[in-house]
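Written below as structure tokens is the structure these notes are about.
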Amino acid sequence: MESEIPKRTIQVVIDEPLIEAAKELAQTQGITCSALIRKALRLYVNESQRPGLEAQDRKGYSRFPDTEEKLQDWEEGATWPS
């Protein structure tokens with residue numbers, strides 16, 4: 001849960017139109033502006049990490065490629081029952 005994670009107060013400079021939009025959005029979502037900014041930053045960090053994680057996946061799958069036998073097992077499992 002987010003409330004259990006230790007937090008620290010920081011000072012960030014944000015353009016006035018952006019902070020006003022953030023305040024309005026936070027109010028419509030029933031959360032604080034700080035919670036909205038944390039959520040947005042968390043999404044940004046996660047998206048920024050995605051290419052590296054996808055590269056790791058590709059590398060792993062290329063080292064241990066699927067065999068025809070494995071693919072056949074998946075095909076059989078994916079068949080809709082009659």
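With the charge dipole of the chain set up from +1 on Lys and Arg Cβ and -1 on Asp and Glu Cβ about the Cα centre, the Cα lying farthest toward the positive end among the listed residues SER48, PRO6, TRP74 is that of PRO6. Legend: P(r) of the chain from all alpha carbon pair distances, 10 Å bins from 0, whole percents, reading 13, 25, 21, 16, 18, 8, 0. Rounded to the nearest whole Hz, the Karplus-based 3J(HN,Hα) values (6.51 cos²θ - 1.76 cosθ + 1.60, θ = phi - 60°) of segment 63-73 follow the sequence 6, 10, x, 5, 9, 4, 4, 5, 5, 5, 4, with x at glycine and proline.
Considering only SER34, SER48, SER62, the mean-square fluctuation computed in a Gaussian network model of the chain, springs between alpha carbons under 10 angstrom, is largest for SER62. Highest mobility in the GNM of the chain, judged by mean-square fluctuation with C-alpha springs under 10 Å and restricted to GLN72, GLN29, GLN49, is found for GLN72. Computed as a quarter of the hull surface, the mean projected area of the alpha carbon convex hull for segment 16-62 stands at 4.1 nm². What does the charge count near GLY77 come to, summing +1 for each Lys or Arg and -1 for each Asp or Glu among other residues with Cβ under 14 Å from its Cβ? Around GLY77, the surrounding residues sum to -4.
No value in this document is a laboratory result; all are computed from the given coordinates. Worth saying up front: this structure is predicted, and the values here are computed from it rather than measured. Ideal geometry is used to build each Cβ from the backbone, glycine not excepted, and the neighbour counts take in all protein chains shown.
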